[in-house]
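So the structure is just underneath, and the comments pick up after that.
The values are calculated or read from the model by the stated rules, or taken from the named source; none is laboratory data. These figures come from a predicted structure and were not determined experimentally. A quick note on method: Cβ atoms are made from the backbone with ideal geometry, for glycine too, and the neighbour counts reach across all protein chains shown.
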């Protein structure tokens with residue numbers, strides 16, 4: 001399959017590369033843009049590890065072709081902490097021990113950060129419902145739920 | 001230190017990189033010119049291999065090499081699994097099969113291409129002529145007369161069979177008032193780390209050296225196996241383990257795909273990498289469980305257990321990457337748990353079938369606690385006794401320890417009675433009957449399940465020797481104080497989420513007397529770390545923590561000896577280190593001297609003439625620690641459930657864990673491990689089952705079909721810490737992180753049966769899916 005020129009805007013930066021039109025966004029981010037924070041866990045849209053933002057909304061990068069993303073804004077985990085300072089949610093995940101092996105963590109951060117923007121006062125049931133789109137095999141979820149609720153509280157208080 | 005960091009819930013050093021996407025997992029390592037491997041796998045559960053035509057694939061765009069067993073088996077030695085264990089048939093596994101395939105997913109051909117897309121394109125062009133053979137897809141089918149042989153070099157599919165008797169169970173069964181029989185079965189599960197398997201092999205032709213990147217829990221044993229099977233010396237292989245995206249026991253063995261990739265890198269003189277996809281991971285990595293147990297108990301009318309008789313079977317799948325008795329036998333050895341039963345018989349059979357091979361998955365002995373605790377509940381039901389009273393009647397108390405079990409396991413410093421009583425109080429066991437009766441009036445079915453867990457955590461080399469399994473239970477560590485006073489340490493374990501960089505820094509820091517922030521762990525590189533046995537079981541804290549503690553103690557003693565010399569003291573007895581400063585005890589008070597760890601380190605490295613006579617320059621120690629044959633920790637899990645009879649669904653209403661795992665290294669991390677282990681137990685108890693049909697075809701090999709629990713299924717856990725030190729361990733540790741799996745399986749098993757008992761129904765097959773519960777209710 002012939003390679004085509006692809007131009008993407010990721011975390012506000014322009015990336016230009018040649019790739020086959022079938023190349024997944026998840027692979028392009030990692031291999032062509034060298035942004036390896038987005039992880040690949042299932043490549044069929046279930047586990048949520050590859051979640052990024054497409055024009056500010058969470059999407060599965062393993063179910064998206066890179067070529068489709070031309071003209072859109074893609075945001076990855078690398079853009080969440082600002083100048084080495086963790087976001088409220090990242091800090092809460094750290095404080096609540098909401099991660100162990102860390103492989104699912106970028107996807108969880110991307111899913112929850114976007115969700116929290118529109119829901120300043122979530123309850124536990126809603127957080128668990130949201131998190132059902134991201135599989136974690138290490139934590140049993142309890143500390144992730146606590147962290148999301150804590151981040152929401154702190155953002156409200158701030 | 002006066003304010004020891006040991007046990008403190010220090011936040012993890014690892015977190016920043018994982019939270020910001022700057023962790024470094026296998027696939028994040030970029031190597032120029034690396035080729036990508038893909039495998040062609042058998043669509044049949046059992047088939048003779050005939051013509052394999054690689055020609056079209058070899059001509060495909062971007063393809064560099066296409067190889068089958070005929071090539072790879074010339075470059076690699078087969079795996080020979082033949083420990084001298086009575087009743088265990090020796091087996092040998094080729095790197096890639098040449099005669100026949102044994103399960104759906106068996107790798108047959110490897111393609112190496114410029115990228116993974118092209119490798120997978122070429123895979124479509126491979127033509128393999130299979131002659132399908134009848135498959136055995138269950139333990140029963142494997143042992144049926146005339147069953148096809150999974151491994152034709154064996155005399156039967158019964159790859160392992162062991163029995164054991166202690167005391168005189170036959171006599172006790174004859175004397176018993178009643179014999180209670182209970183059955184338990186678990187379906188096949190898989191580990192499902194969110195990061196699948198993979199490797200990256202880099203061959204240096206000039207140095208004749210292989211650098212092998214692999215997310216493996218046991219780097220040194222992996223190096224030994226890899227070097228031997230490639231025909232390389234152990235100094236020609238470096239195993240580098242990056243951050244691991246979850247292991248749970250799946251990342252211990254050297255898999256055939258991984259060996260093939262290493263051999264190809266050497267053969268092609270090009271870096272080769274492989275990452276399996278999720279479908280391959282579900283179908284063909286490693287499976288676990290699929291144990292079935294029948295326990296018969298000889299009891300008195302008052303509920304005293306006189307003797308136990310266990311029959312256990314395991315469906316092991318098609319290949320042995322571990323000795324086939326390895327997992328099931330531990331169940332039999334520790335079955336009696338917290339109870340005084342000296343008359344005990346077991347019979348353990350393991351069969352090969354045409355399914356993916358089994359391996360140890362977080363709590364290989366997962367079914368144990370359900371079997372004993374479920375049997376006790378059944379005894380209580382049949383005798384119309386309170387199940388807790390039956391436990392109290394038979395359970396070991398503190399004053400009866402140490403206690404040597406029927407299988408000669410030494411139990412000491414465990415507190416099953418204490419954790420049970422505390423758990424019962426917390427969950428209001430006394431008030432449960434009223435809650436249950438009230439709910440019944442409203443048409444709701446509640447059940448409360450209790451599961452007392454005695455978890456075997458840390459195997460010493462004496463256990464391996466006694467079991468006939470090659471290997472050792474020791475662990476090794478080094479600690480170095482560098483000339484600047486920075487502390488580096490290493491251990492032969494490898495983390496896959498346990499936070500070793502934090503907890504082990506706490507152990508070293510507490511031992512020496514510095515801030516844990518100053519201690520850096522260096523793990524996962526076989527040229528740097530000492531040869532250790534790796535992370536498996538629940539041995540990390542107990543074996544690894546102890547080895548680090550011993551090494552740190554030796555370094556500290558050297559520091560204090562140097563300090564005594566520099567201070568003109570006769571002995572270091574009145575000296576210690578507090579937050580990196582040397583302190584001197586005078587008139588009952590510690591006062592700071594002008595010496596610090598850093599100044600002593602400078603002297604040790606750069607001014608050695610000032611050292612005490614005969615002392616070597618430098619400041620480092622290398623120690624190993626071999627634990628006792630077996631270390632146990634304990635817990636009690638209690639959960640209250642509601643079973644909805646109309647739908648067959650089970651909802652967990654409350655979950656309490658009272659645990660004693662000895663001195664903890666980091667309270668927060670221990671709780672995290674308890675959550676994770678218990679969640680994995682719930683996964684097997686209620687949701688997960690790999691569903692093979694009678695022809696050995698996997699019917700639910702995607703994450704859309706294999707039900708991994710999400711945040712909506714896993715409840716909150718209430719944890720009661722009841723840790724008491726282990727007096728036989730240098731740091732008081734007992735180990736933990738698998739017992740949660742055992743406890744959840746048993747507590748849910750018992751809770752659901754407590755809810756169903758008034759309906760005259762007994763659930764014996766996990767997972768307790770809605771379909772299964774409804775099938776019982778019909």
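Based on what the data block shows, is residue B:122 surrounded by fewer than 22 Cβ atoms within 10 Å (Cβ to Cβ) and farther than 24 Å from residue B:534 by Cβ?
It is false that residue B:122 is surrounded by fewer than 22 Cβ atoms within 10 Å (Cβ to Cβ) and farther than 24 Å from residue B:534 by Cβ.
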Any hit, the range B:641-662, residues being touching a strand residue (DSSP E or B) at 6+ places or on another chain (Cβ under 8 Å), part of a loop (DSSP other than H, G, I, E, B) and closer than 25 Å to residue B:496 by Cβ:
yes
One residue from B:582, B:469 being crowded, with 18+ Cβ neighbours inside 10 Å and farther than 30 Å from residue B:85 by Cα:
B:582
Helices (runs of 4 or more DSSP H) wholly in the range A:68-158 with at least 1 residues that are within 10 Å of chain B (Cβ to nearest Cβ), farther than 30 Å from residue A:17 by Cα and in contact (Cβ under 8 Å) with a residue 12 or more places away in the chain - which ones?
A:88-95, A:124-131, A:142-157
In the range B:114-143, anything more than 14 Å from every other protein chain (Cβ to nearest Cβ) and in contact with a helix residue (DSSP H, G or I) (Cβ under 9 Å, 6 or more places away or on another chain) is listed as B:123, B:125, B:126, B:127, B:135, B:136
State whether one or more residues within the range B:503-513 are closer than 27 Å to residue B:620 by Cα, surrounded by 23 or more Cβ atoms within 10 Å (Cβ to Cβ), touching a residue at least 40 places away in the same chain (Cβ under 8 Å) and within 14 Å of another protein chain (Cβ to nearest Cβ).
yes
Inspect all residues belonging to the range B:664-686 and state whether any of them is within 14 Å of chain A (Cβ to nearest Cβ), closer than 21 Å to residue B:398 by Cα, crowded, with 23+ Cβ neighbours inside 10 Å and in contact (Cβ under 8 Å) with a residue 40 or more places away in the chain.
yes
From the options B:456, B:484, residue that is at pLDDT 95 or above and in a strand (DSSP E or B)
B:456
Counted residues, the range A:40-59 - those being touching a residue at least 24 places away in the same chain (Cβ under 8 Å) and more than 7 Å from chain B (Cβ to nearest Cβ):
8
Could you tell me whether any residue of the range B:466-478 is more than 23 Å from the chain's Cα centre (by Cα), part of a strand (DSSP E or B) and in contact (Cβ under 8 Å) with a residue 40 or more places away in the chain?
yes
Among the strands (runs of 3 or more DSSP E) contained in the range B:212-326, which hold 1 or more residues that are more than 24 Å from the chain's Cα centre (by Cα)?
B:237-240, B:272-275, B:291-299, B:305-315
Select, from B:495, B:529, B:538, the only residue that is at pLDDT 95 or above and either surrounded by fewer than 24 Cβ atoms within 10 Å (Cβ to Cβ) or more than 14 Å from chain A (Cβ to nearest Cβ) (or both).
B:529
All positions within the range A:11-31 that are within 14 Å of residue A:67 (Cβ to Cβ), more than 11 Å from chain B (Cβ to nearest Cβ) and under 22 Å from the mean Cα position of the chain (by Cα):
A:15, A:16, A:25, A:28
Residue B:752 under 24 Å from residue B:365 (Cβ atoms), out of contact with any strand residue (DSSP E or B) (no Cβ under 8 Å at 6 or more places or on another chain) and crowded, with 17+ Cβ neighbours inside 10 Å
no
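Per-residue answers, yes or no, for (1) more than 12 Å from chain A (Cβ to nearest Cβ); (2) in contact with a helix residue (DSSP H, G or I) (Cβ under 6 Å, 6 or more places away or on another chain); (3) closer than 29 Å to residue A:79 by Cα; (4) modelled with pLDDT of 95 or more:
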site: B:4; (1), (2), (3), (4): yes, yes, no, no
site: B:15; (1), (2), (3), (4): no, yes, yes, yes
site: B:34; (1), (2), (3), (4): no, no, yes, yes
site: B:50; (1), (2), (3), (4): yes, no, no, yes
site: B:54; (1), (2), (3), (4): yes, no, no, yes
site: B:58; (1), (2), (3), (4): yes, no, no, yes
site: B:69; (1), (2), (3), (4): yes, no, no, yes
site: B:94; (1), (2), (3), (4): yes, yes, no, yes
Restricting attention to the range B:17-32, and to residues there that are part of a helix (DSSP H, G or I) and surrounded by 21 or more Cβ atoms within 10 Å (Cβ to Cβ), which single residue is farthest from the other protein chains (Cβ to nearest Cβ)?
B:26
Does residue B:341 satisfy being over 23 Å from the mean Cα position of the chain (by Cα) and assigned to a loop (DSSP other than H, G, I, E, B)?
yes
